[in-house]
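Contents: one structure, followed by commentary.
The values are calculated or read from the model by the stated rules, or taken from the named source; none is laboratory data. As the structure is a prediction and not an experimental result, all values here were calculated from the model. Every residue, glycine as well, gets a Cβ built from its backbone with ideal geometry; the counts of neighbours run over all protein chains shown. The area values use the complete protein model at the heavy-atom level, side chains included, leaving out ligands, DNA and RNA. Shrake-Rupley method; radii C 1.70, N 1.55, O 1.52, S 1.80 Å.
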Amino acid sequence: MTRTHCPYCALQCGMAIGPGTGGGLAITPRTDIPANASGALCQKGWTAGELLTNGERLTAPLLYGEPVAWETALDYVAARLSALRAEHGPDAVAVFGGGGLTNEKAYSLGKFARVALGTSQIDYNGRFCMSSAAAASTRAFGMDRGMPFPITDLAGADVVLLAGVNVAETMPPFLRHLSGPRLIVIDPRRTRTAKEAWLHLQPAPGTDLALALGMSHLAIADELVDETYVAARTAGFEEVRTSLAGWWPERVERITGVPVHQMRQAVRALAAAGNAYVLTGRGAEQHAKGTDTVSAFINLALALGLPGTYGSGYGCVTGQGNGQGGREHGQKADQLPGYRRIDDPAAREHVAAVWGVRPGDLPGPGRPAYELLDALGTPEGPRALLLFGSNPVISAPAAERVAERIGALDLLVVCDVVMSETAVLADVVFPVTQWAEESGTMTNLEGRVLLRRRAVDPPAGVRSDLDVIAGLAARLGHRFDSEPAAVFDELRRASAGGLADYSGITYERIAAETGVFWPCPSEGHPGTPRPFLDSFATPDGRARFVPVQHRPPAEETDEDHPVYLTTGRVLAQYQSGAQTRRIAPLVQAAPEPFAELHPDLAEQLGIAQGDVVRISSRRGETKAVARISEAIRSDTVFMPFHWEGANRLTNPALDPVSGMPEFKVCAVRVERDS
């Protein structure tokens, strides 16, 4: 049995893999990893072995749909990249990564873009996941580490508020850590997590920011602010206090639909708790005002004295498997390794020295994810795209437009394990290894760096993403390591001195300690499980209150599109579904997309359970099976996004700070399909 980790969400549950009966693979939960120390796995984790034996695996490079030798495919791609760069400049080539890539891959991809290609045009699908919370945490605390405390701390809390978080379906073992606290859940749907709640606040889609402002107003009005903490550990409270004056609870009730007594009940419970946490997730963050929404919840947490206090705090529940590490080491448009800003001269000098280039040769910031995808194939945009670990034809907003832009490229190169919906469009497809077929590090939602170990041999003809990057780099005149351990050692040097300092973390330490928390600036350093206990990562060590104001959704309902659409996940599927929709037990559990409607809305529209309905927005339309449920508001329809369709409808309106699209609310028309 080989000790490794689950291939899916940011819990990174520990599991062991070994030979099973009948020539298959056996998966056993590990009990030495805190995320699932009770030995829990979800349905996806238990069936993860089928990813490795799936009959749809790619096993040979494809050039315009035909199998070719590896050297032929690499030579072709390198030649086309060189020609496009020579004719149109380095920014004619773009790179798009993923939050499921190991730290080693994310690091190499960022280096490859800036050094081998010289392009500024690189970003990743994590921009669609955690970017708003990351931006809000950075401006409040000076640093973004999703949950700046071990997950096991949650069990000791009296109250935990979950804003837009549905862990019962997205990461079920997380619930084991929430069995003790009273849960307050904010969600337009009565999700499986909301059913576990002591108090469920059900705001209209797109009004979470107003709700957070109203709760902070109540904290001030009811004299629940921890004035001693605010004076000693924060800055900017008086400006926020003034900005909250107009958010009296009755006004907030009119906007959100949440009764005043429920708001007051939630705030008083948080204030009276000996230990309390405020956690945000995609429901609060995937908006064109997502950064401000998270800032409003952070302001509430700061007013109550929670962040940087042992046993209390604020955290973001990161989603993708390496959503935390993936945003730390250079595959974001504005970042260099170690969570350094690419426009910081000192950061450029340090990283350039590690890479053996001149600081001035490194490009500047590029386009964030959606803007990058939207620019593909345009006169001012990239002419080629190299895609690693992502499936934007399903996962990007306004997906039909994204597919059109991808179709306008001169060259699309995709690295994947199966023929995803995006890979089908590619000129060249490289078949690559996956989780248990390779080693590498992942950083889970706590900021704990973990080691995935190679447990099985990959199919013949398959190479790793690191091999692809190194092979292309060599043909472009650069030497890149392809061994994960060697890449990680270079990552350690590049991150040294940065906010996300990995320089003291080694594969050996991770194995011996079952994970090491960053920052860890030396091999003798114990790691930092709770980074804000003494001070925050701001110049003066104080957390910053940030005044924000509510604004309506970017797209309001009207006569033609009178219903809100919100999107999310279901238990048995994951992300764009490219992996999970190929696993029989998961397909059996969740076989198709659906549209969840309240009985009142269904009656009004003449729709019955099981009917096929057509959902249309200003960007496209799709069909799904109707599911009638009182768990959803009567003005809202819910669709999961794991299948093609939901993101044809969603709004690409962007958060001005984080670049996050407004996935969670748009205006639609719902009709029974004739």
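How many residues, within segment 629-652, are surrounded by fewer than 20 Cβ atoms within 10 Å (Cβ to Cβ) and touching a strand residue (DSSP E or B) at 6+ places or on another chain (Cβ under 7 Å)? Break it down stepwise before answering.
From segment 629-652, those surrounded by fewer than 20 Cβ atoms within 10 Å (Cβ to Cβ) are 629-631, 634-635, 644; that's our starting set.
Okay, now just the ones that are also touching a strand residue (DSSP E or B) at 6+ places or on another chain (Cβ under 7 Å), so 629, 631, 635.
Of the residues in that region, 3 qualify.
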### Query
For VAL424, which of the numbered conditions (1) more than 30 Å from TYR502 (Cα to Cα); (2) touching a residue at least 40 places away in the same chain (Cβ under 8 Å) fails to hold?
(2)
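Of all residues in segment 287-298, count the ones that are open to solvent by 10 Å² or more (accessible area, probe 1.4 Å) and of a type outside the set (D, E, K, R).
Just the residues of segment 287-298 that are open to solvent by 10 Å² or more (accessible area, probe 1.4 Å), to begin with: 288, 292.
In the following step, the residues that additionally are of a type outside the set (D, E, K, R) were identified as 288.
Total meeting the criteria: 1.
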### Query
For segment 253-286, what are the residues that are open to solvent by 20 Å² or more (accessible area, probe 1.4 Å), of a type in the set (Lys, Arg) and within 26 Å of THR636 (Cα to Cα)?
ARG254, ARG264
### Task
Name, by its number, the condition in (1) under 30 Å from GLY18 (Cβ atoms); (2) assigned to a helix (DSSP H, G or I) that does not hold for VAL402.
(1)
### Query
Consider LEU58 against the criteria (1) outside any loop (DSSP other than H, G, I, E, B); (2) of a type in the set (A, V, I, L, M, F, W, C); (3) crowded, with 18+ Cβ neighbours inside 10 Å: it satisfies all of them except one. Which criterion is unmet?
(1)
### Query
Looking only at residues in segment 236-252 that are open to solvent by less than 70 Å² (accessible area, probe 1.4 Å) and β-branched (Val, Ile, Thr), which one is nearest to VAL267 (Cα to Cα)?
VAL252
### Task
Could you tell me whether segment 61-80 includes any residue that is of a type outside the set (Lys, Arg), under 19 Å from the mean Cα position of the chain (by Cα) and at pLDDT 95 or above?
no
### Task
Could you please tell me which pairs satisfy a Cβ distance under 6 Å, a separation of 6+ or placement on different chains, a first residue in segment 323-348 that is open to solvent by 10 Å² or more (accessible area, probe 1.4 Å), and a second residue that is in a loop (DSSP other than H, G, I, E, B) and charged (D, E, K, R)?
TYR339/GLU328
### Task
State which residue pairs qualify: first residue without any contact (Cβ under 8 Å) to a residue 12 or more places away in the chain and within 30 Å of ASP635 (Cα to Cα) and inside segment 583-596, second residue part of a loop (DSSP other than H, G, I, E, B) and open to solvent by 10 Å² or more (accessible area, probe 1.4 Å) in any location, beta carbons under 8 Å apart, and separation of 6 or more residues or different chains.
none
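Kindly indicate the residue of segment 619-632 that is under 26 Å from the mean Cα position of the chain (by Cα) and not in a strand (DSSP E or B) and also farthest from SER674 (Cα to Cα) among those meeting that condition. Explain how you work it out, then say what you get.
Restricting attention to segment 619-632, the residues satisfying the condition of being under 26 Å from the mean Cα position of the chain (by Cα) are 619-622, 624, 631-632.
Applying the additional criterion that residues be not in a strand (DSSP E or B) yields 619-620, 631.
Numbers: ARG619: 21, GLY620: 18, ALA631: 26 Å.
The qualifying residue farthest from SER674 (Cα to Cα) is ALA631.
Regarding VAL418, is this residue assigned to a loop (DSSP other than H, G, I, E, B) and either farther than 25 Å from MET1 by Cβ or open to solvent by 10 Å² or more (accessible area, probe 1.4 Å) (or both)? Explain how you work it out, then say what you get.
Working: assigned to a loop (DSSP other than H, G, I, E, B): yes; either farther than 25 Å from MET1 by Cβ or open to solvent by 10 Å² or more (accessible area, probe 1.4 Å) (or both): yes.
It is true that VAL418 is assigned to a loop (DSSP other than H, G, I, E, B) and either farther than 25 Å from MET1 by Cβ or open to solvent by 10 Å² or more (accessible area, probe 1.4 Å) (or both).
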### Query
For segment 343-385, how many residues are touching a helix residue (DSSP H, G or I) at 6+ places or on another chain (Cβ under 8 Å), of a type in the set (A, V, I, L, M) and not in a loop (DSSP other than H, G, I, E, B)?
8
### Message
Condition first: at pLDDT 95 or above, more than 14 Å from TYR107 (Cα to Cα), of a type in the set (Asp, Glu) and open to solvent by 40 Å² or more (accessible area, probe 1.4 Å). Can you find one or more residues in segment 515-532 that meet it?
### Response
yes
### Task
Tell me, yes or no, whether segment 352-369 has at least one residue that is more than 15 Å from ARG114 (Cα to Cα), at pLDDT 95 or above and acidic (Asp, Glu).
no
### Query
Looking at segment 532-545, is at least one residue of a type outside the set (Lys, Arg), part of a loop (DSSP other than H, G, I, E, B) and within 30 Å of ILE255 (Cβ to Cβ)?
yes
### Task
Of the numbered conditions (1) within 30 Å of ILE628 (Cβ to Cβ); (2) assigned to a helix (DSSP H, G or I); (3) open to solvent by 10 Å² or more (accessible area, probe 1.4 Å), ALA194 fails exactly one; give the number of that condition.
(3)
### Message
Considering only segment 587-607, I want to know if a residue exists there that is within 27 Å of the chain's Cα centre (by Cα), β-branched (Val, Ile, Thr), closer than 30 Å to GLY55 by Cα and open to solvent by less than 10 Å² (accessible area, probe 1.4 Å).
### Response
no
### Task
Would you mind finding the one in LEU209, LEU199, LEU178, LEU218 that is out of contact with any Lys or Arg (no Cβ under 9 Å at 6 or more places or on another chain) and of a type outside the set (Lys, Arg)?
LEU178
### Matching residues in segment 558-586 - criterion: being surrounded by fewer than 23 Cβ atoms within 10 Å (Cβ to Cβ) and touching a His at 6+ places or on another chain (Cβ under 8 Å)
ARG569, VAL570, ARG581
### Query
Under 6 Å by Cβ, and 6 or more places apart or on different chains, what pairs join a residue from segment 484-496 that is more than 14 Å from LEU450 (Cα to Cα) with one that is among the β-branched types (Val, Ile, Thr)?
ARG493/VAL354; ALA494/VAL351; ALA494/VAL354
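Looking at GLU223, GLU227 in this structure, which one is on the phi > 0 side of the Ramachandran plot and free of Cβ contacts under 8 Å to residues at least 12 places away in the same chain?
GLU223
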### Message
Condition first: within 19 Å of GLY313 (Cβ to Cβ) and in contact with a helix residue (DSSP H, G or I) (Cβ under 7 Å, 6 or more places away or on another chain). Now tell me which residues in segment 241-272 satisfy that.
### Response
ALA266, VAL267, ALA271
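Just for strands (runs of 3 or more DSSP E) wholly inside segment 1-52: which have at least 2 residues that are of a type in the set (A, V, I, L, M, F, W, C), open to solvent by 20 Å² or more (accessible area, probe 1.4 Å) and closer than 18 Å to GLU437 by Cβ?
Numbers: elements: 2-5, 14-19, 25-29.
Filter on segment 1-52 gives 25-29.
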### Message
Checking the condition closer than 30 Å to GLU380 by Cβ and open to solvent by 50 Å² or more (accessible area, probe 1.4 Å), which residue from ALA79, ALA69 passes?
### Response
ALA79
